[in-house]
Amino acid sequence: VAELSERVRALVQPQMRGLEPYDPDFAPCRINLSANENDLGLPAPVRARVDAALRATPTNRYPDPMANELRDEIASWHGVSRANVFVSDGGDEALFDLFLAFGGPGRTLVNCPPTFSVYALYASMLGTTVLDVPRDPETFAPNADELAAAAADAAIVVLTSPNNPTGDVMDPAGVARVCEACPGLVLADEAYGEFAGPGLSSEPLLAAHDNLVVLHTFSKAYCLAGARCGYLLAAPDVVDGLAAVRQPYSVGVLAQAAALAVARERAAFEPLVDEIRSERERLLLEIRALGRALPVRVWPSQANFLLVRVPNASRVRSRLRDERSILVRDFSSAPGLADCLRITVGTREENDELLGALEAILKEES
Ligand SMILES: *Cc1c(COP(=O)(O)O)cnc(C)c1O
């Protein structure tokens with residue numbers, strides 16, 4: 001990965017001098033289990049609806065900045081009103097807008113690492129102080145007591161459930177406690193919420209807690225990572241705050257049309273999500289079984305990926321890529337994640353190949 005030049009480091013804002021261009025170490029591979037996408041892909045009838053919607057969409061006009069048709073569909077889906085929905089260019093833009101509007105110099109964001117690295121990145125770019133409340137180093141469970149205490153001085157608290165890359169959830173009672181303690185906003189990032197068991201979403205808390213913001217995306221369960229569309233559910237005045245800082249036309253007409261078609265066909269994704277959940281449990285058991293003879297540890301997950309720890313994780317990851325053309329994500333240099341790899345749950349065949357390759361490489365390495 002390229003570093004910024006001396007010249008540019010002198011020209012950018014001081015808090016940005018350490019940044020690198022975002023260009024993940026991506027190599028086209030036969031089997032890509034590195035980015036938590038839905039490997040099953042859009043079901044053919046849904047793809048046909050998306051294609052028809054795209055064909056019917058003129059591109060010479062600017063998009064509706066607030067994506068109101070899509071907002072209405074999302075609102076009826078989640079049982080809220082249009083005013084509670086903020087649509088964005090992927091969940092990542094929603095995060096940026098949230099941190100831009102409600103963070104900044106002199107404000108504190110409470111973060112719960114190891115977690116999605118984008119939070120700390122955006123917070124530091126925007127000059128927001130980041131206060132870490134680390135997870136348990138063994139189980140990765142968040143510490144609800146410490147989070148509630150830290151929340152008392154926070155502008156934003158980020159709770160990711162299921163968490164990326166550890167896969168664990170924060171129960172809604174814990175989220176409610178943090179909402180009560182926090183004078184600012186509490187973000188429940190539920191990008192992987194569809195893969196979690198029932199009763200684990202914080203969405204029902206929205207009615208009682210007007211400082212709660214819930215993030216969803218079409219990128220994971222809904223097979224639209226490439227189209228870029230996500231959304232937040234929040235109190236109407238929070239949505240107004242976000243709408244005031246957003247880039248006016250960030251969600252293009254094609255993304256809006258694709259997301260609307262998918263939202264209308266959301267029932268078609270239930271069998272896909274069920275299949276991924278059952279494959280996740282199978283992979284978990286199989287990797288655990290490998291762990292009886294080989295040095296591999298795996299954590300339970302409520303998302304569409306598993307976190308595993310193996311000796312020489314970086315080497316194992318490179319061997320999977322170079323010898324088997326299987327791409328997984330290396331987290332071994334992230335704090336608290338020594339020797340950890342994150343493996344997206346793929347199709348049954350992909351998972352079988354991954355298991356065979358992992359077993360063979362671990363045998364050779366040990
Ligand atoms: C993938 C992801 C998102 C959002 O992704 P987009 O593709 O930008 O919608 C948000 N939070 C977490 C934790 C994620 O893993």
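The values are calculated or read from the model by the stated rules, or taken from the named source; none is laboratory data. Everything numeric in this text was worked out from a predicted model, so none of it was measured. Note that we place each Cβ from the backbone using ideal geometry, even for glycine, and neighbour counts take in every protein chain shown. Only protein heavy atoms, including side chains, enter the accessible area calculation; ligands, DNA and RNA are left aside. Shrake-Rupley method; radii C 1.70, N 1.55, O 1.52, S 1.80 Å.
Computed about the Cα centre, the dipole magnitude for the range 29-142 is approximately 240 debye when only Lys and Arg (+1) and Asp and Glu (-1) carry charge, each at its Cβ.
Within the accessible surface of the chain, defined with a 1.4 Å probe on protein heavy atoms only, the carbon and sulfur portion equals 52 percent. Listed values for the range 319-334 are Karplus-derived 3J(HN,Hα) couplings in whole Hz (6.51 cos²θ - 1.76 cosθ + 1.60, θ = phi - 60°), namely 5, 4, 6, 7, 9, 10, 6, 10, 9, 10, 9, 8, 10, 5, 9, 7, and x replaces Gly and Pro. With each label modelled as a point 7 angstrom along the Cα→C-beta vector, the Leu285-Ala267 pair spans 3.1 nm.
One decimal place: the segment Glu146-Ala334 gains 65.5 nm when fully extended, by the rule 0.36 nm per residue minus the C-alpha distance. Each helix, a run of at least 4 DSSP H residues, gives -39500 (n - 2.57); summed and divided by the residues of the chain, these come to -12000 deg cm²/dmol at 222 nm. Note on the chain: Cα convex hull, mean projected area over all directions, 18.8 nm². Shown in residue order for the range 185-192 are the 3J(HN,Hα) couplings computed by the Karplus curve 6.51 cos²θ - 1.76 cosθ + 1.60 at θ = phi - 60°: 9, 10, 9, 9, 7, 10, 4, 10 Hz (x for Gly and Pro). Positive contributions from Lys and Arg (+1) and negative ones from Asp and Glu (-1), summed over other residues with Cβ under 11 Å from the Cβ of Asn304, come out at -1. Model label points for Asp322 and Ala173, set 7 angstrom from Cα along the Cα-to-Cβ axis, are 5.0 nm apart. Seen from Glu146, the other residues with C-beta closer than 14 Å to its C-beta sum to a net charge of -2, counting Lys and Arg as +1 and Asp and Glu as -1. The GluC sites (Glu not before Pro) of the range 130-194 that DSSP puts in a loop, and whose beta carbon has at most 15 other beta carbons within 10 Å, are Glu138. Considered as an equivalent ellipsoid built on the Cα gyration tensor, the range 127-211 has semi-axes of 19, 17, 11 Å, the largest given first.
Scaling the Cα radius of gyration of the range 227-366 by the globular reference 2.2 N^0.38 Å produces a ratio of 1.36.
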